[in-house]
Every structure is written in C-alpha cells, then in structure tokens.
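What follows is one structure encoded as structure tokens, with my remarks underneath.
The values are calculated or read from the model by the stated rules, or taken from the named source; none is laboratory data. These figures come from a predicted structure and were not determined experimentally. Using ideal geometry, Cβ is built from the backbone for each residue, glycine included, and neighbour counts are taken over all protein chains shown.
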Amino acid sequence: MPPDASTKIACIIGDPVSHSLSPAIHNAAFAALGLNWVYVAFRVDDSHLAQAVQGLRALGVVGFNVTMPHKKAVARLLDELDVEAEMIGAVNTVQAKDGRLIGHNTDGAGLVRSLLVDLAFSVRGKSAVVFGAGGAARAIVVALATSGCESLTVVNRTKEKADILVELVRANFSACQAKAFGSPEDYSDVMRHADLIVNATSVGMHGGGETPLDVKLICERHIVYDIVYNPEITALLAAASAAGAAVMGGKRLLLYQGMASFEIWTGRSAPAAVMESAL
C-alpha cells in the first residue's frame, strides 16, 4: 500500500548505509503482514548522531536499527537498555515505547537462532572460539554465554581487548569457562576441542583472501560461522568447507537479527520466508 498520513516509520541509521539490505527485508515483511509501515535508511555522521536520535524521537518513529559506527555511541542517548545491550555496551535495535527509546542488541541472538534453525546446533554445553573483540564479538560472546555455552575462548590481535571481553564473561556467567589469546599465541589446543568457531572480525570482507585464523586447524567436527556477508563465501568458509566442516555465512545472521528487530517493534512473529526471499 502507498504511504499515507497514518503510515508508521521505521529506519536504519549509520554511515554509510547505502549498502544496507535492511530496507528490502523489512518492507517485504511489512507488506506480507499488511502493516501500513515503511522502512527507510538515513545516513547520519558522528557529529549529528544526538540530533538525529532526538529527531527520530520527535517524529514518532516506531523503532530504528543502528549500524556502524554508531552502535556504542547511541546507547548513551537512549532512555533505557535491556539487560544484554547494557552488558554489551552497544545497541543495534531501538524500540519506541510509551514515549521512551529502549535499546536492544539482536546481533548475538541472531547468530544463536541461526545456528539452531539452520544447522540444528544448540550452543548449550558446547565449546566456542570467537575471533575478534570488537562490538560484534562482544554481542556474540554475551549471547553464547547467555545461551549456556560451557567454554568460550576469545582470540584477538590485541590480547588486552580479548582479556576485557573474557572478564565480562567471568563476571556475569560463572558457569562458563573463558580464556583469552593474542593472535600470535598458540591457540591450537582450544581449536582441537572446539565445537564452534566464529569469525567476528571484518577479515575477508569484499573478497579479500585473508582469514582470521590458521585454517589448517579446522576439521570436520567444527561448525564455522563467518559474520561477513560480502562475499557470501569468504576465504574462511571455503577453506572450512574443504576441510569438511559445516559452515554458515553472515547473510543468515543479518536475516535473524532483522527478524528479532521486527518482532521487537511489531510484537508479531516475523515472516521468515518472506524476509529470506527479499534478502
């Protein structure tokens, strides 16, 4: 239906956003459920973030997504954060409710949901190695620990950043064993015992042949998840597949974190097949 005076608006803010696939998947979902909603993308630079958030509040948007580089900064501009967003310190989904802006982070939950739905893999009681210690890694590590992961290892070029993330896990999830490695250190032993390997860095994006880890350590018992979605098959996923591992790429994470955002805003189940087709 064409927009009219009663159309509700949702959006994504970031810099850049011209590449975003979110408008396609959300508008398809709104149409499928007959919702008079529209989803648009707004490029917002750092210097105008606070003004943009206040503007969205004043305009009465029903919610918005936040992408790089604003996920951390936007958290300080909201009225409330849910438990996971507070712990992560970053927000990718904002819900407008009763005049308040509430921050959520659906990135990690999207990965856990993708593992369960796409690969029939539950992280409960399992061992995971996460490469990276930035915002995406932080969301993923918190979601894995929340979902009952028994052992978590964080590997990052700068070990101090990995240590910070490990301390977060130890402080909030006593049942989860956590350890940190710097990239030059020998993490081969934890790789041998890992069930899940996650690339939560941008290594391999745009077709680069680099991988965030020594692919010789990957074997057929592993599940390898790469959050990069351009290209769909990264060098890491190609090598992991050749080694016999089960693999999954970032487009699935994008789908499931988008579905979670949709459900937060609308209170309705996301039409998975429609959103997947649009993506």
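Hey, does segment 214-221 have a residue that's touching an Asp or Glu at 6+ places or on another chain (Cβ under 8 Å), surrounded by 15 or more Cβ atoms within 10 Å (Cβ to Cβ) and not polar (S, T, N, Q)? No, segment 214-221 contains no residue that is touching an Asp or Glu at 6+ places or on another chain (Cβ under 8 Å), surrounded by 15 or more Cβ atoms within 10 Å (Cβ to Cβ) and not polar (S, T, N, Q).
Residue 48 fulfils the conditions (1) farther than 24 Å from residue 253 by Cα; (2) part of a strand (DSSP E or B) except for a single criterion, (2).
Restricting attention to segment 223-236, which residues are surrounded by 21 or more Cβ atoms within 10 Å (Cβ to Cβ) and either among the basic types (Lys, Arg) or outside any helix (DSSP H, G or I) (or both)? Quick ask: steps written out before the conclusion?
As a first pass, look at segment 223-236 and keep what is surrounded by 21 or more Cβ atoms within 10 Å (Cβ to Cβ): 224-228, 234, 236.
Across segment 223-236, the qualifying residues are 224, 225, 226, 227, 228, 234.
Out of curiosity, is residue 228 closer than 21 Å to residue 127 by Cβ and outside the structural domain of residue 85 (by TED's automatic domain parsing)? Write out each step before concluding.
On the way: closer than 21 Å to residue 127 by Cβ: no; outside the structural domain of residue 85 (by TED's automatic domain parsing): yes.
No; evaluated as a whole, the condition is false for this residue.
Give the number of residues within segment 1-44 that are assigned to a loop (DSSP other than H, G, I, E, B) and over 24 Å from the mean Cα position of the chain (by Cα).
Number satisfying all stated conditions: 11.
The test for being more than 30 Å from residue 30 (Cα to Cα), at pLDDT below 95 and in a loop (DSSP other than H, G, I, E, B) holds for residue 210.
Residue-wise test of (1) outside the structural domain of residue 236 (by TED's automatic domain parsing); (2) of a type in the set (A, V, I, L, M).
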position: 81; (1), (2): yes, yes
position: 93; (1), (2): yes, no
position: 130; (1), (2): no, yes
position: 152; (1), (2): no, yes
position: 161; (1), (2): no, no
position: 176; (1), (2): no, no
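Scanning segment 94-145 for residues that are polar (S, T, N, Q) and surrounded by fewer than 24 Cβ atoms within 10 Å (Cβ to Cβ) yields 95, 114, 122, 127. Within segment 239-266, the set of residues being in contact (Cβ under 8 Å) with a residue 60 or more places away in the chain, small (Gly, Ala, Ser) and closer than 30 Å to residue 9 by Cα comprises 258, 260, 261.
Name the residue, out of 114, 122, 127, that is over 19 Å from residue 187 (Cβ atoms), touching a strand residue (DSSP E or B) at 6+ places or on another chain (Cβ under 7 Å) and modelled with pLDDT of 95 or more. If you could, list the steps in order and put the result at the bottom.
On the way: 122 fails: touching a strand residue (DSSP E or B) at 6+ places or on another chain (Cβ under 7 Å); 127 fails: over 19 Å from residue 187 (Cβ atoms).
Exactly one of 114, 122, 127 is over 19 Å from residue 187 (Cβ atoms), touching a strand residue (DSSP E or B) at 6+ places or on another chain (Cβ under 7 Å) and modelled with pLDDT of 95 or more, namely 114.
Taking helices (runs of 4 or more DSSP H) as the structural unit, those lying wholly within segment 63-180 and holding at least 3 residues that are of a type outside the set (Val, Ile, Thr) and closer than 30 Å to residue 37 by Cα correspond to 83-88, 107-119, 135-146.
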